Amino acid sequence: MPETKKNAIAIDFRQLLKQERAKARSNKKKSQLTSIKPISETNIINHDENKNIEHSLSQSSQSEMYLRQLLKWTQKHMLNHTIPIASPLPNRSSCINSIYYIPNFLPFEFSELLLHWLQSIPTLSSTSSSQNTYSSHIGKWTPLHHAKRKVLLYDATISPIPPPLQYIIDLLLFHNVFSSDDPQTIPNHILINEYQPGQGILYHTDGPTYQPKTVTISIGNSHVLFRFHPRYPQNNQPTTEKLFVSGRGSCLMFEHEAYTEYLHGIEEVLQESICSNSCLNWEDYCQECQTYNNNEYDYDVYREKYDKASDMVQRGYRISLTFRHKIKE
Ligand SMILES: O=C(O)CCC(=O)C(=O)O
(Lines give C-alpha, C1' and ligand atoms only; values in the text may rest on other atoms or scores of the structure.)
Protein backbone atom coordinates (compact mmCIF):
# COMPACT_ATOMS: atom_id res chain seq x y z
CA MET A 1 0.00 0.00 0.00
CA PRO A 2 1.48 3.41 -0.90
CA GLU A 3 2.68 5.49 2.06
CA THR A 4 0.02 8.17 1.46
CA LYS A 5 -2.75 5.62 1.88
CA LYS A 6 -1.26 4.10 5.00
CA ASN A 7 -1.01 7.43 6.77
CA ALA A 8 -4.29 8.84 5.55
CA ILE A 9 -6.90 9.65 8.15
CA ALA A 10 -10.42 8.76 7.04
CA ILE A 11 -12.74 11.70 6.69
CA ASP A 12 -15.28 11.60 9.47
CA PHE A 13 -18.60 13.30 9.98
CA ARG A 14 -17.07 16.14 11.97
CA GLN A 15 -14.91 16.93 8.98
CA LEU A 16 -17.87 16.58 6.65
CA LEU A 17 -19.85 18.96 8.85
CA LYS A 18 -16.99 21.46 8.70
CA GLN A 19 -16.84 21.17 4.90
CA GLU A 20 -20.59 21.58 4.57
CA ARG A 21 -20.51 24.66 6.83
CA ALA A 22 -17.70 26.17 4.77
CA LYS A 23 -19.63 25.48 1.60
CA ALA A 24 -22.80 26.99 3.09
CA ARG A 25 -20.83 30.13 4.01
CA SER A 26 -19.42 30.47 0.52
CA ASN A 27 -22.87 29.91 -0.99
CA LYS A 28 -24.55 32.42 1.28
CA LYS A 29 -24.60 35.16 -1.30
CA LYS A 30 -25.80 32.91 -4.07
CA SER A 31 -29.52 32.69 -4.60
CA GLN A 32 -31.33 29.80 -2.93
CA LEU A 33 -32.96 27.06 -4.99
CA THR A 34 -36.49 28.34 -5.35
CA SER A 35 -38.00 24.90 -5.76
CA ILE A 36 -36.99 23.74 -2.32
CA LYS A 37 -40.19 23.86 -0.36
CA PRO A 38 -41.16 22.14 2.86
CA ILE A 39 -43.33 19.19 1.91
CA SER A 40 -44.98 18.65 5.22
CA GLU A 41 -45.56 20.52 8.40
CA THR A 42 -42.84 18.45 10.06
CA ASN A 43 -40.39 20.82 8.39
CA ILE A 44 -41.74 23.88 10.11
CA ILE A 45 -39.64 24.97 13.04
CA ASN A 46 -41.92 27.20 15.05
CA HIS A 47 -40.18 29.50 17.44
CA ASP A 48 -43.30 30.37 19.34
CA GLU A 49 -43.13 28.16 22.45
CA ASN A 50 -46.91 27.55 22.80
CA LYS A 51 -47.38 26.73 19.15
CA ASN A 52 -44.39 24.46 19.40
CA ILE A 53 -45.97 22.40 22.15
CA GLU A 54 -49.31 22.16 20.29
CA HIS A 55 -47.51 21.24 17.11
CA SER A 56 -45.42 18.47 18.65
CA LEU A 57 -48.44 17.07 20.52
CA SER A 58 -50.37 16.59 17.29
CA GLN A 59 -47.24 15.26 15.65
CA SER A 60 -46.60 12.71 18.36
CA SER A 61 -50.16 11.35 18.16
CA GLN A 62 -49.79 11.10 14.38
CA SER A 63 -46.46 9.41 14.89
CA GLU A 64 -48.03 6.86 17.26
CA MET A 65 -50.79 6.17 14.76
CA TYR A 66 -48.31 5.42 11.98
CA LEU A 67 -46.21 3.36 14.35
CA ARG A 68 -49.27 1.23 15.23
CA GLN A 69 -50.03 0.76 11.52
CA LEU A 70 -46.43 -0.26 10.86
CA LEU A 71 -46.50 -2.77 13.72
CA LYS A 72 -49.74 -4.24 12.41
CA TRP A 73 -48.18 -4.53 8.97
CA THR A 74 -45.01 -6.23 10.21
CA GLN A 75 -47.02 -8.69 12.33
CA LYS A 76 -49.10 -9.61 9.30
CA HIS A 77 -46.20 -9.83 6.88
CA MET A 78 -43.46 -11.85 8.43
CA LEU A 79 -40.04 -11.97 6.82
CA ASN A 80 -41.16 -14.03 3.90
CA HIS A 81 -41.42 -11.76 0.91
CA THR A 82 -38.97 -12.53 -1.82
CA ILE A 83 -36.42 -10.08 -3.12
CA PRO A 84 -33.82 -10.45 -5.84
CA ILE A 85 -30.56 -11.87 -4.58
CA ALA A 86 -27.89 -9.21 -4.35
CA SER A 87 -24.93 -9.69 -6.61
CA PRO A 88 -21.94 -7.40 -6.93
CA LEU A 89 -22.17 -4.88 -9.70
CA PRO A 90 -19.98 -5.56 -12.72
CA ASN A 91 -16.36 -5.04 -11.90
CA ARG A 92 -15.54 -2.14 -14.13
CA SER A 93 -12.12 -0.67 -14.67
CA SER A 94 -12.67 1.41 -11.54
CA CYS A 95 -12.10 -1.80 -9.57
CA ILE A 96 -14.99 -1.09 -7.26
CA ASN A 97 -16.14 -4.65 -6.75
CA SER A 98 -17.73 -4.35 -3.37
CA ILE A 99 -20.95 -2.52 -4.19
CA TYR A 100 -24.31 -4.31 -4.16
CA TYR A 101 -27.68 -2.96 -5.22
CA ILE A 102 -31.11 -4.49 -4.66
CA PRO A 103 -34.11 -2.69 -6.22
CA ASN A 104 -37.47 -3.04 -4.40
CA PHE A 105 -35.90 -4.29 -1.18
CA LEU A 106 -38.70 -2.88 0.97
CA PRO A 107 -42.28 -3.86 0.19
CA PHE A 108 -44.19 -0.88 -1.24
CA GLU A 109 -46.87 -0.71 1.50
CA PHE A 110 -44.24 -0.82 4.23
CA SER A 111 -42.18 1.96 2.56
CA GLU A 112 -45.22 4.22 2.34
CA LEU A 113 -46.11 3.74 6.03
CA LEU A 114 -42.46 4.16 6.97
CA LEU A 115 -42.30 7.46 5.07
CA HIS A 116 -45.41 8.80 6.85
CA TRP A 117 -44.12 7.67 10.23
CA LEU A 118 -40.70 9.28 9.70
CA GLN A 119 -42.28 12.52 8.52
CA SER A 120 -44.49 12.63 11.63
CA ILE A 121 -41.54 12.42 14.03
CA PRO A 122 -41.05 15.78 15.76
CA THR A 123 -38.11 18.05 15.06
CA LEU A 124 -35.82 18.94 17.97
CA SER A 125 -36.92 22.32 19.19
CA SER A 126 -34.39 25.01 18.43
CA THR A 127 -35.11 26.49 21.88
CA SER A 128 -34.38 23.24 23.74
CA SER A 129 -31.51 23.75 26.18
CA SER A 130 -30.49 20.08 25.95
CA GLN A 131 -30.07 20.22 22.19
CA ASN A 132 -26.31 19.96 22.29
CA THR A 133 -26.04 16.57 23.96
CA TYR A 134 -25.62 13.56 21.69
CA SER A 135 -28.47 11.62 23.31
CA SER A 136 -30.93 14.53 22.94
CA HIS A 137 -30.68 14.16 19.17
CA ILE A 138 -31.74 10.52 19.21
CA GLY A 139 -35.25 9.92 17.87
CA LYS A 140 -35.85 13.56 16.89
CA TRP A 141 -35.19 15.26 13.59
CA THR A 142 -32.25 17.62 13.94
CA PRO A 143 -31.99 20.50 11.48
CA LEU A 144 -28.56 20.89 9.87
CA HIS A 145 -28.84 24.63 9.47
CA HIS A 146 -25.64 24.90 7.40
CA ALA A 147 -26.96 22.33 4.89
CA LYS A 148 -30.64 23.36 5.17
CA ARG A 149 -31.83 19.81 5.69
CA LYS A 150 -32.60 17.45 8.57
CA VAL A 151 -31.19 14.23 9.99
CA LEU A 152 -32.63 11.71 12.42
CA LEU A 153 -30.47 9.40 14.46
CA TYR A 154 -31.00 6.07 16.25
CA ASP A 155 -28.19 4.50 18.24
CA ALA A 156 -28.77 1.14 19.92
CA THR A 157 -25.81 1.71 22.23
CA ILE A 158 -27.85 4.52 23.85
CA SER A 159 -31.52 3.50 23.44
CA PRO A 160 -33.58 0.74 21.76
CA ILE A 161 -34.15 0.88 18.02
CA PRO A 162 -37.87 1.52 17.21
CA PRO A 163 -39.74 -1.57 15.92
CA PRO A 164 -40.12 -0.50 12.23
CA LEU A 165 -36.36 0.05 11.96
CA GLN A 166 -35.68 -3.18 13.85
CA TYR A 167 -37.90 -4.88 11.25
CA ILE A 168 -35.59 -3.57 8.50
CA ILE A 169 -32.53 -4.83 10.43
CA ASP A 170 -34.22 -8.25 10.71
CA LEU A 171 -34.94 -8.12 6.98
CA LEU A 172 -31.27 -7.32 6.25
CA LEU A 173 -30.17 -10.26 8.43
CA PHE A 174 -32.80 -12.56 6.93
CA HIS A 175 -31.48 -11.82 3.44
CA ASN A 176 -27.84 -12.06 4.59
CA VAL A 177 -27.02 -8.46 3.76
CA PHE A 178 -25.54 -8.50 7.28
CA SER A 179 -24.56 -11.76 8.93
CA SER A 180 -26.49 -12.73 12.05
CA ASP A 181 -23.53 -14.96 13.04
CA ASP A 182 -21.35 -11.94 13.70
CA PRO A 183 -22.75 -9.65 16.43
CA GLN A 184 -19.83 -7.26 15.83
CA THR A 185 -21.27 -6.32 12.45
CA ILE A 186 -25.05 -6.29 13.09
CA PRO A 187 -26.35 -2.72 12.57
CA ASN A 188 -26.67 -0.76 15.81
CA HIS A 189 -26.70 2.73 14.32
CA ILE A 190 -29.12 4.31 11.85
CA LEU A 191 -28.70 7.73 10.32
CA ILE A 192 -31.72 9.02 8.43
CA ASN A 193 -31.21 11.88 5.96
CA GLU A 194 -34.03 13.91 4.47
CA TYR A 195 -33.41 15.62 1.11
CA GLN A 196 -35.61 18.18 -0.59
CA PRO A 197 -35.30 18.41 -4.40
CA GLY A 198 -31.86 19.77 -5.26
CA GLN A 199 -30.21 18.78 -1.99
CA GLY A 200 -27.31 16.35 -1.65
CA ILE A 201 -24.40 15.37 0.53
CA LEU A 202 -20.74 16.27 0.04
CA TYR A 203 -18.20 13.58 -0.79
CA HIS A 204 -17.03 11.80 2.35
CA THR A 205 -16.06 8.42 3.75
CA ASP A 206 -17.94 6.92 6.67
CA GLY A 207 -14.65 6.58 8.49
CA PRO A 208 -13.32 4.33 11.25
CA THR A 209 -16.24 4.91 13.65
CA TYR A 210 -18.11 2.04 11.97
CA GLN A 211 -17.44 -1.46 10.72
CA PRO A 212 -16.56 -0.94 7.04
CA LYS A 213 -19.97 -1.81 5.66
CA THR A 214 -22.77 0.65 4.85
CA VAL A 215 -26.34 -0.13 3.83
CA THR A 216 -28.59 2.66 2.59
CA ILE A 217 -32.31 2.20 1.98
CA SER A 218 -34.07 4.91 -0.03
CA ILE A 219 -37.72 5.89 0.16
CA GLY A 220 -39.81 8.86 -1.00
CA ASN A 221 -39.89 8.01 -4.71
CA SER A 222 -37.08 10.30 -5.85
CA HIS A 223 -34.12 8.72 -7.61
CA VAL A 224 -30.52 9.88 -7.32
CA LEU A 225 -27.14 9.10 -8.79
CA PHE A 226 -24.97 7.98 -5.91
CA ARG A 227 -21.36 8.79 -6.74
CA PHE A 228 -18.13 7.05 -5.78
CA HIS A 229 -14.88 8.91 -6.21
CA PRO A 230 -11.44 7.39 -5.57
CA ARG A 231 -9.72 8.91 -2.55
CA TYR A 232 -6.32 8.58 -4.22
CA PRO A 233 -6.97 8.66 -7.99
CA GLN A 234 -4.27 7.05 -10.10
CA ASN A 235 -3.31 8.59 -13.41
CA ASN A 236 -5.22 6.16 -15.59
CA GLN A 237 -8.13 5.60 -13.24
CA PRO A 238 -11.59 6.83 -14.25
CA THR A 239 -12.82 9.51 -11.92
CA THR A 240 -16.32 9.39 -10.51
CA GLU A 241 -18.49 6.27 -10.85
CA LYS A 242 -22.25 6.72 -10.73
CA LEU A 243 -24.79 4.31 -9.38
CA PHE A 244 -28.50 4.65 -10.04
CA VAL A 245 -30.40 4.49 -6.73
CA SER A 246 -34.17 4.18 -6.83
CA GLY A 247 -36.25 5.94 -4.19
CA ARG A 248 -38.74 3.09 -4.10
CA GLY A 249 -37.34 1.03 -1.25
CA SER A 250 -34.03 0.12 -2.87
CA CYS A 251 -31.07 -1.16 -0.88
CA LEU A 252 -27.48 -0.14 -1.62
CA MET A 253 -24.68 -1.91 0.22
CA PHE A 254 -20.98 -1.20 -0.04
CA GLU A 255 -18.04 -2.51 1.93
CA HIS A 256 -14.31 -3.30 1.72
CA GLU A 257 -12.58 -1.24 -0.98
CA ALA A 258 -15.66 0.83 -1.83
CA TYR A 259 -15.84 1.79 1.85
CA THR A 260 -12.17 2.46 2.53
CA GLU A 261 -10.75 3.62 -0.82
CA TYR A 262 -13.64 5.68 -2.18
CA LEU A 263 -15.47 8.82 -1.16
CA HIS A 264 -19.22 8.82 -1.73
CA GLY A 265 -21.62 11.70 -2.23
CA ILE A 266 -24.75 13.03 -3.92
CA GLU A 267 -24.66 16.17 -6.07
CA GLU A 268 -26.78 19.19 -5.15
CA VAL A 269 -28.74 19.41 -8.39
CA LEU A 270 -32.36 19.36 -9.53
CA GLN A 271 -31.61 16.92 -12.33
CA GLU A 272 -28.59 14.96 -13.47
CA SER A 273 -27.64 13.11 -16.58
CA ILE A 274 -27.32 9.35 -16.58
CA CYS A 275 -25.46 7.47 -19.34
CA SER A 276 -25.06 3.79 -20.06
CA ASN A 277 -21.28 4.10 -20.18
CA SER A 278 -20.80 5.93 -16.92
CA CYS A 279 -23.45 4.29 -14.77
CA LEU A 280 -22.59 1.12 -12.90
CA ASN A 281 -26.17 -0.19 -13.16
CA TRP A 282 -27.79 1.34 -16.26
CA GLU A 283 -29.98 -1.76 -16.61
CA ASP A 284 -31.52 -1.12 -13.19
CA TYR A 285 -32.40 2.39 -14.34
CA CYS A 286 -34.02 1.11 -17.54
CA GLN A 287 -35.95 -1.53 -15.67
CA GLU A 288 -37.17 1.03 -13.15
CA CYS A 289 -38.35 3.29 -16.01
CA GLN A 290 -40.22 0.61 -17.84
CA THR A 291 -41.83 -0.83 -14.70
CA TYR A 292 -43.13 2.43 -13.30
CA ASN A 293 -43.83 4.32 -16.50
CA ASN A 294 -45.77 1.53 -18.09
CA ASN A 295 -46.95 -0.62 -15.20
CA GLU A 296 -46.09 -3.72 -17.09
CA TYR A 297 -43.00 -5.09 -18.73
CA ASP A 298 -42.66 -3.49 -22.11
CA TYR A 299 -39.54 -4.67 -23.86
CA ASP A 300 -39.71 -1.98 -26.54
CA VAL A 301 -39.66 0.84 -24.01
CA TYR A 302 -36.81 -0.80 -22.17
CA ARG A 303 -34.98 -1.32 -25.44
CA GLU A 304 -35.56 2.27 -26.51
CA LYS A 305 -34.10 3.59 -23.25
CA TYR A 306 -31.24 1.18 -23.57
CA ASP A 307 -30.47 2.24 -27.13
CA LYS A 308 -30.75 5.88 -26.20
CA ALA A 309 -28.05 5.24 -23.63
CA SER A 310 -28.52 8.50 -21.81
CA ASP A 311 -31.27 10.31 -19.97
CA MET A 312 -31.99 12.89 -17.27
CA VAL A 313 -32.91 11.86 -13.74
CA GLN A 314 -35.14 14.39 -11.99
CA ARG A 315 -34.71 14.95 -8.27
CA GLY A 316 -37.65 14.95 -5.90
CA TYR A 317 -38.09 14.40 -2.19
CA ARG A 318 -36.12 11.53 -0.71
CA ILE A 319 -35.39 9.98 2.67
CA SER A 320 -32.41 7.67 3.08
CA LEU A 321 -31.85 5.31 6.00
CA THR A 322 -28.24 4.31 6.52
CA PHE A 323 -27.52 1.24 8.65
CA ARG A 324 -24.06 0.63 10.12
CA HIS A 325 -22.39 -1.04 13.08
CA LYS A 326 -20.81 1.58 15.31
CA ILE A 327 -17.64 0.29 16.94
CA LYS A 328 -17.51 0.59 20.75
CA GLU A 329 -15.19 3.40 21.84
O1 LIG B 1 -28.43 9.74 1.69
C2 LIG B 1 -27.66 8.95 1.18
O3 LIG B 1 -27.99 8.18 0.31
C4 LIG B 1 -26.22 8.96 1.63
C5 LIG B 1 -26.08 9.11 3.10
C6 LIG B 1 -24.65 9.04 3.51
O7 LIG B 1 -23.75 9.05 2.71
C8 LIG B 1 -24.30 8.97 4.91
O9 LIG B 1 -25.20 9.09 5.76
O10 LIG B 1 -23.11 8.79 5.18
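The values are calculated or read from the model by the stated rules, or taken from the named source; none is laboratory data. Here the structure is a predicted model, which means the values were calculated and not measured. Methodologically, a virtual Cβ is constructed for each residue, glycine included, from the backbone with ideal geometry; neighbour enumeration extends over all protein chains shown.
Residues in the range 174-207 that are farther than 24 Å from residue 244 by Cα and either at pLDDT below 95 or hydroxyl-bearing (Ser, Thr, Tyr) (or both) were compared, and the one that is farthest from the ligand (Cβ to nearest atom) is 181. Scanning the range 140-164 for residues that are in a loop (DSSP other than H, G, I, E, B) and either buried (at least 19 other Cβ atoms within 10 Å of the Cβ) or in contact with a Phe, Trp or Tyr (Cβ under 6 Å, 6 or more places away or on another chain) (or both) yields 147, 161. Scanning the range 264-293 for residues that are part of a strand (DSSP E or B) and surrounded by fewer than 16 Cβ atoms within 10 Å (Cβ to Cβ) yields a count of 3.
Looking across the range 108-126, the residues that are more than 17 Å from residue 154 (Cα to Cα) and of a type outside the set (A, V, I, L, M, F, W, C) come down to 109, 111, 112, 116, 125, 126.
Looking only at residues in the range 313-329 that are part of a loop (DSSP other than H, G, I, E, B) and at pLDDT 90 or above, the one that is farthest from the ligand (Cβ to nearest atom) is 327. Every condition in (1) basic (Lys, Arg); (2) under 13 Å from the mean Cα position of the chain (by Cα); (3) not in a loop (DSSP other than H, G, I, E, B) holds for residue 242 except the one numbered (2). Taking the criterion of being farther than 16 Å from residue 321 by Cα, of a type in the set (Ser, Thr, Tyr) and in contact with a Phe, Trp or Tyr (Cβ under 8 Å, 6 or more places away or on another chain), the only residue of the range 249-265 that qualifies is 262.
In the set (1) more than 11 Å from the ligand (Cβ to nearest atom); (2) assigned to a strand (DSSP E or B), residue 215 fails one condition alone, (1).
Conditions tested, residue by residue: (1) more than 14 Å from the ligand (Cβ to nearest atom); (2) without any contact (Cβ under 8 Å) to a residue 12 or more places away in the chain; (3) hydroxyl-bearing (Ser, Thr, Tyr).
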| site | (1), (2), (3) |
| --- | --- |
| 252 | no, no, no |
| 269 | yes, no, no |
| 278 | yes, no, yes |
| 288 | yes, no, no |
| 300 | yes, yes, no |
| 311 | yes, no, no |
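Among all positions in the range 123-134, there is at least one residue which is crowded, with 18+ Cβ neighbours inside 10 Å and of a type in the set (S, T, N, Q). Applying the set (1) farther than 16 Å from residue 316 by Cβ; (2) in contact with a helix residue (DSSP H, G or I) (Cβ under 9 Å, 6 or more places away or on another chain); (3) within 16 Å of the ligand (Cβ to nearest atom); (4) of a type in the set (A, V, I, L, M) to residue 258 leaves exactly one unmet item: (2). Determine whether residue 165 is within 16 Å of the ligand (Cβ to nearest atom) and either at pLDDT 95 or above or farther than 28 Å from residue 200 by Cα (or both). Taking the combined requirement at face value, the residue satisfies it.
Taken together, 229, 146 contain a single residue that is within 13 Å of the ligand (Cβ to nearest atom) and not aliphatic (A, V, I, L, M), which is 229.
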